[in-house]
Number of protein chains: 2
Amino acid sequence: MSQRVYISVKEAILALHFPPGANLRKAPICERLGVSRAPVTEAIARLAAEGLVDVVPQSGTHVSYFSMSEIREGAFLREALELAAVSKVTRDLTEEQRKILSRNMRLQKLLIEDEDISGFYQADEEFHGLLMEFTGFRRLADVAQTVSLQVSRARILLLPAPGRAAETLAEHQAIFDAISAQDEQGARDAMRLHLGQLMPRIEQLEQRKPHLFNLTPQPNSEAG
Amino acid sequence: MSQRVYISVKEAILALHFPPGANLRKAPICERLGVSRAPVTEAIARLAAEGLVDVVPQSGTHVSYFSMSEIREGAFLREALELAAVSKVTRDLTEEQRKILSRNMRLQKLLIEDEDISGFYQADEEFHGLLMEFTGFRRLADVAQTVSLQVSRARILLLPAPGRAAETLAEHQAIFDAISAQDEQGARDAMRLHLGQLMPRIEQLEQRKPHLFNLTPQPNSEAG
DNA sequence: TCTATCATTGTAACATGTTAGTTGACAAGT
DNA sequence: ACTTGTCAACTAACATGTTACAATGATAGA
């Protein structure tokens, strides 16, 4: 029930329905979803813990601006986790898992041939999701998602540059090939290369839409 | 204010003042700390998100049991982050940072000579903390702490085996030396070796105190 | 004696009233 | 015109009443 509020608001923020800087008021949310303030409060608390909103005590809550330092950190954390995942998967991959990955690769290829960018985006997410799943660690995908939430939010704004999907596919293919060849170092390098494509494009985004970023690049001092 | 409740309860759980399986009731906590149920509820929600407690809707909340699968995952995640950190630090270390690390190393040595195990434990934590801090990523240490919370909780139960502290020091020294020599791969290997010492000892703990572990090793299906 | 059903109890989840702190505007003084 | 002090309004944080659900124990039936 409060879960529903959380998901609803989170998606609205991620979809930039609530743009950075917009101040989030509880009353309209309560009214809109037909619930009391309690579940809304809990939902906002979780969003604050994830860094999606900044809550000023006794004053107000607003959607956090993009922060290059936070995005860089998120990308770093995500890379750390994905590299560890791809290492482990390369070592432990079963034949069944290899087949599932292979099918996903062929699906990616197919979607690009059909120029279904949205579909490819999904298959892309699934590719990374499968790698994490195959580590056997259930929380891994969630943690990776959470730490790179700011990155995900920024990524949505990146226009699908023509030809970028095909490049992405090639990078995925290199990762898959190295995994199949049980070349751990090669798989890591391929993954690093792949993930390394993202930050430069986000830096361009900062140039294009500076109003979405916080001017004072002071990172959060949040403590858990 | 609710932060205070959170910290208080968290420390109580980590110190095993509330042992695994103990059911956590709000009323006594409210009474004990002289606060209302609201901040306690929020604190428990955060603890549940971190996996320290399991909350059964409309029924009760109990301190979660140790779970080898969760502990293994926590160790994996922590290793991923620490390896990434030590890589980055090895590449970017400033002379000033090297001096601070050097001082910490000498402090460790000194504490072992004085057989101050508790002090060494602190210096150990600080050593790892410094490495993370020197990456320049402020959330890193928090994330590492959070993902390996179950590991930390189990670690407290490990009796300080005689001579283990000296071994730990040697491992730290190897890490520090490799960092100083700007030997990234060497630093990673040394760190991996160091962190690899922990799991076997926790597995022994499982043999020694099986009542603290959950029998059915089904991992949490929590989603954030 | 065992099983199934029901009532009782205790708790989290939810709703709502109350408090206190921050912010921003406006006025007064420089 | 600019700074500073005061005040009003808004909001999160806190307190508390209410509800609904799960777990447990008792009781009745087989």
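Read-outs: derived from the displayed coordinates by stated rules, not from any lab. Keep in mind that what you see is a predicted model, and the values were worked out from it rather than measured. Backbone-built Cβ (ideal geometry, glycine too); neighbour counts: all protein chains shown.
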Of B:L77, B:L140, B:L159, the one that fluctuates the most in a GNM where chain B has Cα springs shorter than 10 Å: B:L159
Gap separating the Cα centres of segment A:148-186 and segment A:82-142, nearest whole Å: 10
Selection from B:L107, B:N214, B:Q58, by position along the positive dipole direction of chain B (Cβ): B:Q58
Label zone at A:Q3 (point 7 Å along Cα-to-Cβ), backbone N below 12 Å, segment A:10-52: none
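For a protection proxy built on the mean count of beta-carbon atoms within 10 angstrom, sort A:38-46, B:18-26 highest first, please. It would help to have the intermediate numbers written out before the result.
On the way: A:38-46: 19.3, B:18-26: 15.4.
Packing proxy ranking, top to bottom: A:38-46, B:18-26.
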Hz values of 3J(HN,Hα) by residue in segment A:132-137 - Karplus curve (6.51, -1.76, 1.60), Gly and Pro given as x: 5, 4, 6, 6, x, 9
Ellipsoid semi-axes in whole angstrom, largest first, where each is sqrt(5λ) of the Cα gyration tensor of the protein assembly as shown: 34, 31, 23
Per-residue HN-Hα couplings for segment B:74-85 [Karplus 6.51, -1.76, 1.60; θ = phi - 60°; Hz; x = Gly/Pro]: x, 5, 4, 5, 5, 4, 4, 6, 5, 5, 4, 5
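Output the Kirkwood hydrodynamic radius of chain B, Cα pairs only, in Å rounded to one decimal. Please report the intermediate quantities before stating the final value.
Working: mean 1/r = 0.0525 Å⁻¹.
Hydrodynamic radius (Kirkwood, Cα only) of chain B equals 19.1 Å.
As a test of the formula, what do you get for the protein assembly as shown when each DSSP H run with n ≥ 4 contributes -39,500 (n - 2.57) and the sum is divided by the residue count, at 222 nm and rounded to the nearest 500 deg cm²/dmol? Walk me through the numbers before you get to the answer.
Details: 22 runs with 305 residues, N = 448.
The helix contribution divided over the protein assembly as shown gives -22000 deg cm²/dmol.
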Average other protein chain Cβ within 10 Å of Cβ, residues A:134-146: 5
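For B:L193 and A:R192, what does the FRET efficiency come to when R0 = 25 Å and r is the distance between their Cβ atoms, rounded to the nearest 0.05? Before the final figure, lay out each step's value.
On the way: r = 23 Å, r/R0 = 0.91.
That pair, B:L193 with A:R192, gives E of 0.65.
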Most to least packed among B:145-153, A:105-113, B:206-214, A:48-56 [average Cβ atoms within 10 Å]: B:145-153, A:48-56, A:105-113, B:206-214
Inter-label distance, nm, simple model (7 Å from Cα along the C-beta direction), B:Q182/A:E184: 2.7
Amide proton proximity set for A:L24, modelled H, under 5 Å, gap of 5+: A:T61, A:H62, A:V63
Debye log10 I(q)/I(0) for segment A:85-215, one point scatterer per Cα, at q = 0.14, 0.15, 0.19 Å⁻¹: -0.67, -0.77, -1.17
